[in-house]
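Please read the structure below before turning to the comments.
None of the figures in this text is laboratory data; all of them are computed from the coordinates on show. Nothing here was measured: the structure is a model prediction, and the numbers come from that model. When we count neighbours, we look across all protein chains shown, and the Cβ atoms used for this are built from the backbone with ideal geometry, even at glycine.
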Amino acid sequence: MRYAELRPFFTIPESHPYVSVTQIDPADHRRLTRMVDSRPELRVLGTLDRQPDRWTVYVGCASRRVQSEFDHWSDNLL
């Protein structure tokens, strides 16, 4: 996702320049944010809750490897 598309929603911190985008059921939002909050290499940048059954969560990652690991985790567990 390009920065110009994200700017209206949130800013991307220099410490977490890689953005992972995941679609979740709103029921999983608390579990996702708890997991992200427990890992300093991840940061929830924003959540778009415009759709009733699918929310889009933008997660900032400190490195490409962290982004890859988060993508793998979110694909398999959410």
Rounded to the nearest 20 debye, what is the charge dipole size of the chain about its Cα centre when +1 sits on each Lys and Arg Cβ and -1 on each Asp and Glu Cβ?
140
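Note the full-extension length gain between GLN51 and TRP73 as 0.36 nm times their separation in residues minus their Cα-Cα distance, in nm to one decimal.
Working: separation 22, 0.36 × 22 = 7.92 nm, distance 2.29 nm.
The GLN51-TRP73 span can extend by a further 5.6 nm.
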Hz values of 3J(HN,Hα) by residue in the range 29-43 - Karplus curve (6.51, -1.76, 1.60), Gly and Pro given as x
4, 4, 4, 5, 5, 5, 5, 5, 4, 7, 10, x, 7, 10, 8
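Considering Cα pairs under 8 angstrom that are at least six residues apart, work out the relative contact order of the chain and quote it in whole percent.
Details: 105 pairs, mean separation 28.5, N = 78.
In percent, rounded to a whole number, it is 37.
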Where does the chain land at 222 nm, in deg cm²/dmol rounded to the nearest 500, when only DSSP H runs of n ≥ 4 count, each adding -39500 (n - 2.57), divided by all residues?
-10000 deg cm²/dmol
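Starting with the highest mean, order 57-67, 25-35 by the number of other Cβ atoms within 10 Å, averaged over the residues of each peptide. Let's see the in-between values first.
Details: 57-67: 18.5, 25-35: 13.4.
Final packing ranking: 57-67, 25-35.
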Which ³J(HN,Hα) values, rounded to whole Hz and listed in residue order, are derived for the range 45-53 from phi using the Karplus coefficients 6.51, -1.76 and 1.60 in 6.51 cos²θ - 1.76 cosθ + 1.60 with θ = phi - 60°, glycine and proline given as x?
8, x, 9, 9, 10, 6, 9, x, 10
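Reported to two decimal places, what Rg/Rh ratio describes the chain when computed on Cα atoms with Rh from the Kirkwood expression?
Values: Rg = 11.7 Å, Rh = 12.6 Å.
My calculation of the ratio gives 0.93.
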